[in-house]
Each structure stands twice: as C-alpha cells, then as structure tokens.
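The values are calculated or read from the model by the stated rules, or taken from the named source; none is laboratory data. Predicted model only: the values in this text are computed from it and were never measured. Note that each Cβ is placed from the backbone with ideal geometry, even for glycine, and that neighbours are counted across all protein chains shown.
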Amino acid sequence: MTTPLIHIENLKVEFQLGRALFGKPPMLRAVNNVSLNIMPGQFFGLVGESGSGKTTLGRAILRAVPISSGKINFDDGKVSYDVGKISQTELKNYRKLAQLIFQDPYAALSPRMTVRDIIAEPLEVMELTKTREETDQKVREIASKCRLNLEHLRRFPHAFSGGQRQRISIARTLVCSPDFVVADESVAALDVSIQADILNLLKSLQSQMGLTFLFISHDLSVVAHICDHVAVMYLGTLVESAPTKKLFANPRHPYTKALLSSIPSLDPDDSGKAQKLEGEIPSPVNPPNGCNFHTRCPMAEARCRTEVPEWRQLSEGHSVACHFSNNLPNP
Ligand code: SF4
C-alpha cells in the first residue's frame, strides 16, 4: 500500500482568546479532531464556508500555527517528520519540502523588489544555491515553467496584471522544488478567465514536477475542475470526504448537499433549486453540542442535538459524519 505524503490523526488547533479573570480563558477551536490522508501526487481539495477552519488546517500542516493535540506526519519516502514535534533544524528542511501559494497576488509580492529577486529570495534564505549564476539558472528555469518571459525578471510587480503576479508568486513557491504545496484560495482574487489559466498551469506543474497539492477553496466548481479528492469542513470538523466524482454524484451529508446545490448553473430551469442554509455558522468559541451542524440542518432530529455523529466509511475513500446519511434522498 502507498504511504500517504501527509497523514493527519485527531488534529486539534485551538487559540486562547485573551485572559479570564476567573476560571479558564475562552478557547477558539479552529480545527477539531480532524483525521485525513493526502496521497503522493494527489490534488486534494478542502472546501467549506469562511470560518470553517480550512486555512488553519493548511497552516498547521505547514507548521505555521502551533498544533494543540493530535498528529501530522510528513513522509516523502526520503525523510519523515512528526510535524508537531519537529526541531528547528528539521523545520528549516521541512520548509523546503512544504510550501504555500498565497491568496492575494497583489499583497504577496514586495513592490520594491524585481521579479528576479522575488523568485530568488527562497533560494538565498534557505541557502539552496552557492553562486549567483546557479541562483539565476534556477530562477530562469522556474520562470519558464510558469510561463514568464526572461525579460519580465528585470521588472517590478506593479508592471504586471493579476494573473501574471500570481504566476510570479507560484514561481517563488516552486523555485525550491517542494514536494507538497498548500494553495490557499489561490485563484479567488482573480477574474474568471484568468482563474482557468492559473488552474491549468497548476495542473501542468503538478505533472511536470510531481507535486502534491492541498487546494483550499470555497468555490466547488473550481474544486470539481481540478481536484482528485475533496474533503468538506464545517466549524473545524470534517463532515465528508470522497473522490471528487463520488462526492459530486452522491453527496451523503446535508451540508455537502447544500454546498453543491449552490453551484450556479447555466440552465435557466435550474435557477431557484439552490438549497438555502438558514442562519449563520455558529461561533467556534462555543460550538453546538451533538452534531455541530444541527442548528442549520434541515434533517436534524432530537438525537442530533446530543450525540456527535461517528465518522463512518460508506465505500472506498468515501466517509461521512451524519447519523442519517443513509436516509438522505439521492440527487
Ligand atoms: Fe443533520 Fe443530524 Fe446529520 Fe448532523 S447528524 S448532519 S444534524 S441529520
């Protein structure tokens, strides 16, 4: 059996909010008891509303936020790290192997640096090249893979469009040849036509460079286009996880069903079929008892208010956390 590149077990990420005068200070549970595997070469999608914990989960894998409990294992066949217990020396090496593409290509690039210097910066900071010639060679190689002209390298970021800036940002992420990349809403700030261009670029870079992606998005149509496997998060927990085709053809959680029904359709007869979710996502400081979706779920029953649903496997690769997933009407 193939070893997962990223193996996560019962992960919790909590943040303390201020100080309490009496008793314990309030805690924000951003990620609560999440377990999942990301296989080598996979384009793994993570979806959910704002505040569902997607970004925190991505940052915990990169060790950009502290892990409260549980385990994250990274294993690329050459090195293996327990990310929660990683030493400072190991962390330096881990940073070369696991990287992040930022959401906003306008804020992510320093306006005072040339494109060459922006792309070269990770090589210099991580001391991956010995001479300027070697650095320039690597910068030219990745720039050409990201469809940037050599003449672009001398310019400053303000001279570029949103799509070009995102390609510069991707080149900077990939210049140190990582194994694993977290793409956090990486096309959300771009026009639709540019989004398609960047998604196709990511897909082609994945096969050229043997990359594994965690693709975080709130946009299910984008996820359907690019991901092999999708996990759905709600209020810090995973509610469903399945290969993309299975999830879109046969969602087994009411929240996934509501998200899928909200994808805009070009068919005028489909308008108005979106299943509206009532109410707001509850506060992660004080999540509801039982199933944390019961305050908005159209199928909730008394049991849902007291009993946390078990994470059950329905078929190969398809798991769900809902007491009544078998009673859900087929699409
Ligand atoms: Fe809805 Fe109950 Fe299933 Fe939770 S367990 S998703 S509240 S039906």
Matching option when the condition is aromatic (Phe, Trp, Tyr) and farther than 17 Å from PHE180 by Cβ, among TYR81, TYR106, TYR94: TYR106
Where PHE15 falls short, out of the listed (1) under 16 Å from GLY236 (Cα atoms); (2) hydrophobic (A, V, I, L, M, F, W, C); (3) modelled with pLDDT of 95 or more: (3)
Failed condition for SER186, given (1) over 22 Å from the mean Cα position of the chain (by Cα); (2) within 27 Å of LEU46 (Cβ to Cβ); (3) assigned by TED's automatic domain parsing to the domain that holds GLY53; (4) not in a helix (DSSP H, G or I): (1)
Test: residue in the range 236-251 that is in contact with a Ser or Thr (Cβ under 6 Å, 6 or more places away or on another chain) and at pLDDT 95 or above: yes
Selection count where residues are β-branched (Val, Ile, Thr) and in contact with a Leu (Cβ under 8 Å, 6 or more places away or on another chain), scope the range 271-323: 3
Count - residues of the range 294-331 that are out of contact with any Cys (no Cβ under 8 Å at 6 or more places or on another chain), within 9 Å of the ligand (Cβ to nearest atom) and within 20 Å of ALA30 (Cβ to Cβ): 2
Matching residues in the range 276-312 - criterion: being surrounded by 13 or more Cβ atoms within 10 Å (Cβ to Cβ) and among the polar types (S, T, N, Q): SER283, ASN292, THR295
Among (1) at pLDDT 95 or above; (2) over 20 Å from ILE170 (Cβ atoms); (3) buried (at least 19 other Cβ atoms within 10 Å of the Cβ) - the single one SER52 does not satisfy: (1)
Residue tally, condition polar (S, T, N, Q) and touching an Asp or Glu at 6+ places or on another chain (Cβ under 7 Å), over the range 152-184: 0
Pairs, first without any contact (Cβ under 8 Å) to a residue 24 or more places away in the chain and in the same structural domain as LYS276 (by TED's automatic domain parsing) in the range 292-316, second more than 6 Å from the ligand (Cβ to nearest atom) and outside any loop (DSSP other than H, G, I, E, B), C-beta under 6 Å, six or more apart: HIS294/ARG305; GLN313/SER319
